[in-house]
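One structure below.
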Amino acid sequence: MNSAPLAPAAVRTSVRIPLQFGDGFRVEAQAFTFDGLADGQEHVALGLGEYLHTGTPLVRLHSECLTGDVFGSARCDCGPQLRDAVEQIARVGGYLLYLRQEGRGIGLYNKLDAYALQDQGLNTYEANEALGLPSDGRDYTAAAQMLTTLGARDIELLSNNPDKAKQLAAHGIQIQRKVPTGVFVTPTNLRYLQTKVNVTGHQILLDGSAVPAAAA
């Protein structure tokens, strides 16, 4: 695949931050901020574990989700995925890229508007489109810039989303292996997960079996 040229970016700040999660899990992270990112957003990379000394770092692109990451919303699985990803990466060494892409790129208020439409029967992608917004507006050019700046052009990708791998590869990031994320199914997020499988081809496994697609 021919890679699209990337504009140069640079590390703006590097600072150590101790992380502690609600269940008591603790880990040290090296936080990196950047200048020159394509979308101008304040994305952050967290170096976890022996990230400088691992042959192929494990990388997670995690899109910001205020409702799930901070408030523990059970409408999605974002909070548990974030917690699980940090531990997985810290164990083997790598980076978590925390990307300011609330609501798959539509923003917090629009995401909550979409939730209201979902309560009327639309799925998560249909709700975005009903608002005149893209079903998934995320662009991972900045993520590729961040990885390139950090010297992580050969990675293992922690993701169930095929679009992340496709976009990173288009920017010259070599994905040596895809590692599935943890799956955290609840009665309130099962339809959301099924829609990911149906619409965008997410490869979501639960106890070795695929999350069942929603009935047509």
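The values are calculated or read from the model by the stated rules, or taken from the named source; none is laboratory data. What you see is a predicted model, and the numbers here were worked out from it, not measured in a lab. Cβ sites come from the backbone with ideal geometry, for glycine too, and all protein chains shown count toward neighbours. Just the protein is used for accessible areas: all its heavy atoms, side chains included, with ligands, DNA and RNA removed. Shrake-Rupley method; radii C 1.70, N 1.55, O 1.52, S 1.80 Å.
List of remarks:
- Diffusion of the range 1-76 by Stokes-Einstein, at 4 °C in a medium of 1.567 mPa s and with Rh set to the Kirkwood radius over alpha-carbon pairs, works out to 86 µm²/s.
- Remark: the range 41-49, residue by residue, has Karplus-estimated 3J(HN,Hα) of 8, 8, 6, 10, 10, 10, x, 10, x Hz, where x stands for each Gly or Pro and the curve is 6.51 cos²θ - 1.76 cosθ + 1.60 at θ = phi - 60°.
- Qualifying trypsin sites (Lys or Arg not before Pro) for the range 1-77 [loop in DSSP, other Cβ within 10 Å: at most 10]: none
- Whole-Hz couplings from phi, Karplus 6.51/-1.76/1.60, listed for the range 99-112; x for Gly and Pro: 9, 7, 10, 3, x, 6, x, 9, x, 5, 4, 5, 5, 5
- Using heavy atoms of the protein chains and a probe of 1.4 Å, the accessible area assigned to Thr149 is about 50 Å².
- Using only alpha-carbon positions in the range 1-142, the gyration tensor eigenvalues give semi-axes of 28, 21, 13 Å once each is multiplied by 5 and square-rooted (largest first).
- Charge context of Phe32, other residues only, Cβ under 15 angstrom, K/R +1, D/E -1: +1
- When the alpha carbon coordinates of the range 78-168 are projected onto the principal axes, the ranges are 44, 25, 21 Å, largest first.
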